[in-house]
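Below is one structure, written out as structure tokens, with a few remarks after it.
The values are calculated or read from the model by the stated rules, or taken from the named source; none is laboratory data. Being a predicted model, the structure only gives us computed values, none of them experimental. Note: ideal-geometry Cβ built from the backbone for every residue, glycine included; neighbour counts use all protein chains shown. Keep in mind that these areas ignore ligands, DNA and RNA; they rest on the heavy atoms of the full protein, side chains included. Shrake-Rupley method; radii C 1.70, N 1.55, O 1.52, S 1.80 Å.
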Amino acid sequence: ARSCVLLIPSPPGPHPMRRSMATWSMATRLCHPESAKVDKYGAMSTPIFQTATFDQPTATSFGEYDYSRSGNPTRTVLEQQMAALDGADRSFAFASGMAAISTIVRLVPNGGRILTGDDIYGGTSRLLGRIAPNLGIKVDHVNMCDLAEVRDALAGSKTNLVLLESPTNPRLQIADIAGVAAAAHKVGAVCAVDNSVMAPVFQQPIALGADITMTSATKFIAGHSDTTGGILSVKGAKLVDEVAFIQNAEGSALGPFECWLSLRGLKTMALRMERQAYNAMRIATFLSRHPRIKVVNFPGLKTNAGYDVHRGQATGAGSILSFTTGDVELSKKIVQATELYKVTVSFGSTSSLISLPCFMSHASIPPEVRAARGLPDDLVRISAGVEDADDLIADLGAALDTAAGDSASATIAAQAKAEELSKEDLIAKIRDLEDKLAKAGT
């Protein structure tokens, strides 16, 4: 009898066009996270485990979860996705951005020192100015944009923590994150970056050398002004253990429903932020040409101090900008005369927002301190939303004209629009030429 050998074909290898998860773009990673599987039914949306406690296997043993203050499956999914996006060893979801920053401050012992910037969020300034001293912590402010000044300040006395923002809120100043992190590590200090203005879509501080990055989930992560939250992403086992202990001990974790809202927001974060950044660039360009505007602060403008540094450490300019008019009353009238912009604190919403920081988000900073730090009362901050850019410019232009009693905005807007169309025509011609070259090559 003749033997018969059954030939089983080998499974096909990966298709040469298929990209691995490690090479996926940020937009793809946001839609397809590699995170814990907490649902056996394969739901497209992560379930909300809205529970305080979990049934345990026996009277003397614990399961993976026991109490939502210490851990919750919905929170685990959010934290694992944020750790992957930020390049961290572990991420922690907090009830607010300030709860997250408060935990960073808790890392500094009584008698310790924090070195921070002179242009920081008002809530952070309040925490460092009024709460930290009661904990026996010394806080010093420096110009974080001046690396030499940072190094000199670190050489002056022992520092436990360097806390910075880049870009800063609200003046959009740029610090060399890698340079500051290296200087901090040289003296044995932890470097933490408030990355709320950029989020991991445009900037990843841990890759630049930071130990901790904080992103306000209230802003671009959730993205719809319907929840508050904060994420700490941490590098290093020792810091991870410390942060985990503090969060559990103080009970500052984000609730399951808010975690779910943040997870939902992450799916569209790249899409939203790209549109918002485009709108902000258009608005900043319009304002930079307006005769009523003195200064425009926006990382995407070549005239912005730190433009080259920002381009070297971030992939986008973001959607926050600020400007001065030289007249507090004029600035107030501009803010109140807009219709599409919501007059409110915060940023990162789908709707465009406008405010006078010195009277709102930074009002807790004493006037004399604001003046010393170069934060003028006439400063207007805009958070660009996802609306049509032409509509936003027209509304802002009308507000400027109404406030100033003239009609300069229409001409400037038309010129800016014409230039934008010229750019679009040029891009279209380049793409057409590329298509023709590609066809010729085949």
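Some observations on this one:
- Residue pairs meeting the criteria (Cβ under 6 Å; at least 6 apart or on separate chains; first in contact (Cβ under 8 Å) with a residue 60 or more places away in the chain, in the range 77-92; second of a type in the set (D, E, K, R)): Ala83/Arg90; Ala88/Lys235; Asp89/Lys235; Ser91/Glu79
- Screening the candidates Val243, Val295, Val234 for the property of being open to solvent by 30 Å² or more (accessible area, probe 1.4 Å) and of a type in the set (A, V, I, L, M) yields one hit, Val295.
- Qualifying residue in the range 310-317 (condition: open to solvent by less than 50 Å² (accessible area, probe 1.4 Å) and either assigned to a helix (DSSP H, G or I) or of a type in the set (Val, Ile, Thr) (or both)): yes
- Subset of the range 318-360 (residues that are free of Cβ contacts under 8 Å to residues at least 60 places away in the same chain, touching a helix residue (DSSP H, G or I) at 6+ places or on another chain (Cβ under 7 Å) and of a type in the set (A, V, I, L, M, F, W, C)): Phe323, Leu340, Val343, Ile354, Leu356, Cys358
- Neighbours by Cβ (under 8 Å, 6+ apart or cross-chain): first from the range 116-143, assigned to a strand (DSSP E or B); second of a type in the set (Lys, Arg): Lys138/Arg113; Val139/Arg113; Asp140/Arg113; His141/Arg373
- In the range 246-266, residue surrounded by the most Cβ atoms within 10 Å (Cβ to Cβ) [restricted to those that are in a helix (DSSP H, G or I) and in contact with a Phe, Trp or Tyr (Cβ under 6 Å, 6 or more places away or on another chain)]: Gln247
- On inspection, Leu287 fails the criterion of being open to solvent by less than 20 Å² (accessible area, probe 1.4 Å) and either touching a Lys or Arg at 6+ places or on another chain (Cβ under 9 Å) or free of Cβ contacts under 8 Å to residues at least 24 places away in the same chain (or both).
- Only one of the listed residues (Met17, Met21) is open to solvent by less than 100 Å² (accessible area, probe 1.4 Å), modelled with pLDDT under 85 and hydrophobic (A, V, I, L, M, F, W, C). That residue is Met21.
- Within the range 318-329, the residues that satisfy the criterion of being surrounded by fewer than 17 Cβ atoms within 10 Å (Cβ to Cβ) and either among the aliphatic types (A, V, I, L, M) or over 20 Å from Phe298 (Cβ atoms) (or both) are Asp327, Val328, Glu329.
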